[in-house]
Amino acid sequence: MRSLELKTYPEPCLRIKTKRVEKFDRSLKDILKEMSDIMYPSGGIGLAATQVGLGLDILIADIGEGLRAFINPEVVETSGRKTVLEEGCLSLPGVTVEVPRPERIKVKALDEKGEAFVKMYDGLMAKVLQHEIDHLSGKLIIDYLNPVRAFFAKRKLVRSKREAVRE
Ligand code: CO
């Protein structure tokens, strides 16, 4: 397998709608390893497969409590108020967006071995998981902006990427 790399806006893979993982084999283990090798040095606390160009229902997260893998994740319930957190995204360098999301979520997923689990999350982990699950349907935090602010954010991203290529 060629090694994975972080994809940034406007790479089309960020808009992919992902497919469920059916096989829990060696390659899944490799994918998870490569994703964590990308997430940690970048300073991220979550990473979705679309961000490394893969159209699979895979995300990882670590808010300082250890690395967790979520395969085929689904939000089965949300509760609590919607609260706003200023979120960033490794695929949208230099952009932050205040995103309102429910405080608590119940997530159903499989772990890296294919074992099913259902768990409630709140606080930062609930926000990170909702952010990453958005990625798996091709949704980005800039989609929460009004059209005018989204236009300026996208323009800024495209310009800074063009400059980075030129350097
Ligand atoms: Co993101």
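Coordinate-derived values only; no laboratory data. Note that the structure is predicted; figures quoted are calculated from it, not measured. Every residue, glycine among them, receives a Cβ derived from its backbone with ideal geometry; neighbour counts consider all protein chains shown.
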Do you know which of the residues in the range 124-158 that are in contact (Cβ under 8 Å) with a residue 60 or more places away in the chain and more than 19 Å from L6 (Cβ to Cβ) is surrounded by the most Cβ atoms within 10 Å (Cβ to Cβ)? L129
Closer than 24 Å to D25 by Cα, in contact with a helix residue (DSSP H, G or I) (Cβ under 7 Å, 6 or more places away or on another chain) and within 13 Å of the ligand (Cβ to nearest atom): is that true of A69 in this structure? no
Out of F70, F24, I need the residue that is in a strand (DSSP E or B) and among the aromatic types (F, W, Y). Which one? F70
Here is a check on your reading of the model: is T8 of a type outside the set (K, R) and not in a loop (DSSP other than H, G, I, E, B)? no
Could you please give the count of residues in the range 82-129 that are β-branched (V, I, T) and within 16 Å of the ligand (Cβ to nearest atom)? 5
Farther than 28 Å from G66 by Cβ, more than 16 Å from the ligand (Cβ to nearest atom) and among the aromatic types (F, W, Y): is that true of F151 in this structure? yes
Somewhere in the range 73-83, is a residue outside any strand (DSSP E or B) and farther than 25 Å from S3 by Cα? no
Being of a type outside the set (A, V, I, L, M), under 19 Å from I38 (Cα atoms) and crowded, with 17+ Cβ neighbours inside 10 Å is the filter here, so list the residues in the range 89-106 that pass it. C89, S91
